[in-house]
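Visitor: Take this structure, written in structure tokens, and hold onto it; I'll ask about it next.
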Amino acid sequence: MAGVNGGYFDPASQLPVDLVATNGLMTAGSLEKRATLGITAQGDTLFGYPRPRYVLSGADALGAPYSVTVNSVRARPAPDLLTAFVGDGRSGVGADNLTTLYVTPGAGSVLRAFTGTVVPPAGTLALTFDHARFPQLPRAAGAALNVALDWRATDAPWAGAVDALSAGPLLVQGGKVVLDPAREGFNTNASIWRPTRQVAFGTLGGRPTIAFLEYGSPETFAAALAGAGVRDAVRLDSGSSATAYVTGGYADLGGYLNTVWSRTVPNALVLVPRPGTAAAAKK
């Protein structure tokens, strides 16, 4: 088995700053501009630029259909916004004058409804809003409500994604270097673009692949990956966060590939063998 650190994060809060989705639940919202790795339920990998949003739909009290897009994914309530948060069992959501609904995407109805501050159980999707601003939304358990994660991608395969992680930039696509920092909003004069330890996740020979470069620029990394025959690859959080690990017995490697210990990170990608199948990517 092998592992590599994941996306960018805020060192102060240790929270991701871009998209994280696990088992069909978006736990961190997307910046909607950075390269993203997606994984389907079958273990297939996707690379691109989706712009996922939670979308709520149903019929109001008069039977008129509606569709509402969630504004933000966060625990902190905002009276003027419709927010979503996947519970961690510790963080509170809601406020005295706001409604919070517990829902399950695809279930078609509200599980529980609250007014005031509540702590959603781990893995529970909570929606918080001011009913005066969103009068079409229900406020009672059992009420009909459809919740879906709309990937808003131009390429159809993203509709099958269940896990996703944004980082960037996209280094290689279709076997060619496609590095474009301006498209993804990277400042090439900042430290994030300096020559340093580099890590990426991609595909080589049809297999999910972890790539590690001891020292170099993103341009150097992209050229090396394309030269090695990598078909698609997205850079992950490099520099002091970069960590690659592989168990012993493979190509005379074992343990951490980086010689300097890295900082704690909020998420990672791990390749684990499954009985009867090839190694599959799994968060």
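The values are calculated or read from the model by the stated rules, or taken from the named source; none is laboratory data. Because the structure is a prediction, the values reported are computed rather than measured. Cβ: placed from backbone, ideal geometry, glycine included. Neighbour counts: every protein chain shown. Surface accessibility is based on the protein's heavy atoms, side chains included, excluding ligands, DNA and RNA. Shrake-Rupley method; radii C 1.70, N 1.55, O 1.52, S 1.80 Å.
Visitor: Counting only residues that are in contact with a Leu (Cβ under 7 Å, 6 or more places away or on another chain), farther than 22 Å from Phe9 by Cα and open to solvent by less than 60 Å² (accessible area, probe 1.4 Å), how many does the stretch 213-239 have?
Guide: Of the residues in the stretch 213-239, 5 are in contact with a Leu (Cβ under 7 Å, 6 or more places away or on another chain), farther than 22 Å from Phe9 by Cα and open to solvent by less than 60 Å² (accessible area, probe 1.4 Å).
Visitor: A further question follows. Wholly within the stretch 128-190, which strands (runs of 3 or more DSSP E) include no fewer than the required count, namely at least 2 residues that are open to solvent by 30 Å² or more (accessible area, probe 1.4 Å)?
Guide: Once the strands (runs of 3 or more DSSP E) in the stretch 128-190 are filtered for at least 2 residues that are open to solvent by 30 Å² or more (accessible area, probe 1.4 Å), what remains is 146-150.
Visitor: Related question: Can you say whether Val70 is over 30 Å from Thr209 (Cα atoms) and in contact with a Leu (Cβ under 6 Å, 6 or more places away or on another chain), as far as the supplied structure shows?
Guide: Answer is yes for this residue.
Visitor: Where residues in the stretch 273-282 are open to solvent by 40 Å² or more (accessible area, probe 1.4 Å) and more than 25 Å from Leu15 (Cβ to Cβ), which of them is modelled with the highest pLDDT?
Guide: Restricting to residues being open to solvent by 40 Å² or more (accessible area, probe 1.4 Å) and more than 25 Å from Leu15 (Cβ to Cβ), the top hit is Pro273.
Visitor: Go through the stretch 99-127 residue by residue and tally those that are open to solvent by less than 20 Å² (accessible area, probe 1.4 Å) and within 17 Å of Val147 (Cβ to Cβ).
Guide: Residues that pass the stated criteria total 10.
Visitor: OK, next. So which residues in the stretch 1-56 are of a type in the set (A, V, I, L, M, F, W, C) and either without any contact (Cβ under 8 Å) to a residue 40 or more places away in the chain or assigned to a loop (DSSP other than H, G, I, E, B) (or both)?
Guide: Result: Met1, Ala12, Val17, Leu19, Leu31, Ala35, Ala41.
Visitor: Same structure, new question: So in the stretch 29-46, with the set limited to residues that are open to solvent by less than 20 Å² (accessible area, probe 1.4 Å) and in contact with a Lys or Arg (Cβ under 9 Å, 6 or more places away or on another chain), which one is nearest to Ala143 (Cα to Cα)?
Guide: Ile39
Visitor: Specify the residue that is most open to solvent (accessible area, probe 1.4 Å); the eligible residues are those in the stretch 59-98 that are in contact with a Pro (Cβ under 9 Å, 6 or more places away or on another chain) and part of a strand (DSSP E or B).
Guide: Ala59
Visitor: Mind telling me which of the residues Ala141, Ala159, Ala153 ends up being out of contact with any Lys or Arg (no Cβ under 9 Å at 6 or more places or on another chain) and of a type in the set (A, V, I, L, M, F, W, C)?
Guide: None of the other options fit; the residue is Ala159.
Visitor: Consider the stretch 195-244. How many of its residues are over 19 Å from the mean Cα position of the chain (by Cα) and outside any loop (DSSP other than H, G, I, E, B)?
Guide: 24
Visitor: Give the number of residues within the stretch 99-117 that are part of a loop (DSSP other than H, G, I, E, B) and touching a residue at least 24 places away in the same chain (Cβ under 8 Å).
Guide: Total satisfying the criteria: 6.
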